[in-house]
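A quick write-up on the structure given underneath.
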Amino acid sequence: MAIYSSNNGQPEERAKLNLTNEEEESLRTVYRKNKEGEFCFLGMYDPEADYTEDYCIVPIKSSFEDFEMLYKGTNFTKVCGAFSKTAEKAWKKLYESYLHEKERKYRDVEGTFHYAEIGDSIYIIPIRTAHNTCLEENTYAIKLKRVIGG
């Protein structure tokens, strides 16, 4: 059976995430234990998957680092998507509420949410297609922790 982590991120980071219980439930991340005993980001939680003790299921409030601006032309790899409809809706709400707070205006998000590796970091970003490998415009992204525990 997988390890289920509780919310243990920094209080000021967690405060940025204004989520309902249902949204928090749908926005969990999965980390897998490596040879060094660290848990490295694997992907988004799938309630249908069978996770062993080598996996740690983490609430978004514990894997969240910050919102970060990524600039046009930024290359990324390992683009993955296929979030559940509930998770997609929750990512969009989280993202749009941050944009509204940051820019003081509402802006609808185009595209769907995917996670991508950029350098040594993991980001949740709205992109138009999973085949993109480069950002077409400046955009805010949700930065997640690459490694937890150990």
* From the residues in the range 133-147 that are in a strand (DSSP E or B) and out of contact with any helix residue (DSSP H, G or I) (no Cβ under 7 Å at 6 or more places or on another chain), which one is surrounded by the fewest Cβ atoms within 10 Å (Cβ to Cβ)? -> 134
* To do: With respect to residue 116, determine if the residue is at pLDDT 65 or above, outside any helix (DSSP H, G or I) and among the aliphatic types (A, V, I, L, M).
  => yes
* Asked: modelled with pLDDT of 85 or more, closer than 27 Å to residue 20 by Cβ and touching a strand residue (DSSP E or B) at 6+ places or on another chain (Cβ under 7 Å), is that true of residue 38?
  -> no
* To do: Check 27, 17 and return the single one that is surrounded by 18 or more Cβ atoms within 10 Å (Cβ to Cβ), at pLDDT below 75 and of a type in the set (A, V, I, L, M).
  => 17
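The values are calculated or read from the model by the stated rules, or taken from the named source; none is laboratory data. All values reported here derive from a predicted model rather than from experimental measurement. Note that we place each Cβ from the backbone using ideal geometry, even for glycine, and neighbour counts take in every protein chain shown.
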